[in-house]
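Colleague: Pasting a structure below so you can have a look.
The values are calculated or read from the model by the stated rules, or taken from the named source; none is laboratory data. As the structure is a computational prediction, the values presented were derived from the model and not from experiment. Cβ placement follows ideal geometry from the backbone for every residue including glycine, while neighbour counts extend to all protein chains displayed.
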Amino acid sequence: MLGPDFILAKAKSADRRIGIGAADDLDRVEASVSIANSSGYGRSRVYRDAVEMVKDLRMGELEAAVRGSLDTNQVLKAIKSEFSLPSVQRMALLQPRNGRMFFFAPVGVDEGWTYEQKLELVTNGARLMRQMGVEPKVGFLSGGRKGDQGRHPAVDRTMEDAAKLAEACTKLGIEASDQQILIEEAAKDCNLIIAPDGISGNLIFRTLHFLGEGRAMGAVVLNIDKVFVDTSRAKASYLDSIAMASALVGARK
């Protein structure tokens, strides 16, 4: 079953080379690295420069990288530049307080705005989940219940997208359903939840993590052939994000 213990068990391998970024909180990052290394979650190295870390990842000096506390925009810019990407796709691993763990996307305000982008997020996310030994069960969220059709054009578009996306994924062999606006039901039934767009996705992520005291292990970048785990600078420890990066390295081998 998908959960912290599942990830930590897959993270055990002392020889995986992992980089993690540090800005002003070097002591906090180094403390996380020390615990991760002694716990057998790879061998981590601290970077103060986003470009250097992402370049080492692309060149194979690192098997995985974790954003740590480096600036988001600098890191995303470095990933786009080094991997020649027009945009970055991320899928977060979340666990609401007293709830079950699930993957969630989009988490960036500029991600997942079109039908095509959301379908690509799911197909890339499903591939990664299967590499980890987890069969995806996708729930698409929209702006309302079926009875809300006609109340607002923007809501109608999200509802139409959710229904079409669920049908398209089913045809691709990915179990998927239209969960309407019922995120509380999707969280019970699905292990990959897709928000209607990047803004609502970012708000859901921040509400669950920062206000609801949920656990966020990190957000993996889906559209590169290397392991990169994005993190929040507000984390008290980066141990679980380092472990997630190590687990993903093992899954992709």
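Colleague: Yes or no: Lys171 basic (Lys, Arg) and under 23 Å from Met101 (Cβ atoms)? Quick ask: steps written out before the conclusion?
Modeller: On the way: basic (Lys, Arg): yes; under 23 Å from Met101 (Cβ atoms): no.
Spelling it out, it is not the case that Lys171 is basic (Lys, Arg) and under 23 Å from Met101 (Cβ atoms).
Colleague: Select from segment 220-253 the residues that are of a type in the set (Lys, Arg), more than 13 Å from Ala92 (Cβ to Cβ) and not in a helix (DSSP H, G or I) and list them in ascending order.
Modeller: Scanning segment 220-253 gives Lys226, Arg233, Lys253.
Matching residues to (1) hydrophobic (A, V, I, L, M, F, W, C); (2) in contact with a Leu (Cβ under 8 Å, 6 or more places away or on another chain); (3) within 15 Å of Ala219 (Cβ to Cβ):
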residue: Gln89; (1), (2), (3): no, yes, yes
residue: Met101; (1), (2), (3): yes, yes, yes
residue: Glu120; (1), (2), (3): no, no, no
residue: Gly147; (1), (2), (3): no, no, no
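Colleague: Can you spot a residue in segment 140-160 that is free of Cβ contacts under 8 Å to residues at least 60 places away in the same chain, part of a strand (DSSP E or B) and in contact with a strand residue (DSSP E or B) (Cβ under 6 Å, 6 or more places away or on another chain)?
Modeller: Checked segment 140-160: at least one residue is free of Cβ contacts under 8 Å to residues at least 60 places away in the same chain, part of a strand (DSSP E or B) and in contact with a strand residue (DSSP E or B) (Cβ under 6 Å, 6 or more places away or on another chain).
Colleague: Could you list all residues from segment 205-253 that are without any contact (Cβ under 8 Å) to a residue 40 or more places away in the chain and among the hydroxyl-bearing types (Ser, Thr, Tyr)?
Modeller: Within segment 205-253, Thr207, Ser232 meet the criteria.
Colleague: Of all residues in segment 46-97, count the ones that are part of a loop (DSSP other than H, G, I, E, B) and either at pLDDT 95 or above or in contact with a helix residue (DSSP H, G or I) (Cβ under 8 Å, 6 or more places away or on another chain) (or both). Steps first, answer last, please.
Modeller: Within segment 46-97, the first condition is being part of a loop (DSSP other than H, G, I, E, B), and the residues that meet it are 48-49, 60-63, 67-71, 84-89, 96-97.
Filter once more, keeping what is either at pLDDT 95 or above or in contact with a helix residue (DSSP H, G or I) (Cβ under 8 Å, 6 or more places away or on another chain) (or both): 48-49, 60-63, 67-71, 84-89, 96.
Adding up the residues that qualify gives 18.
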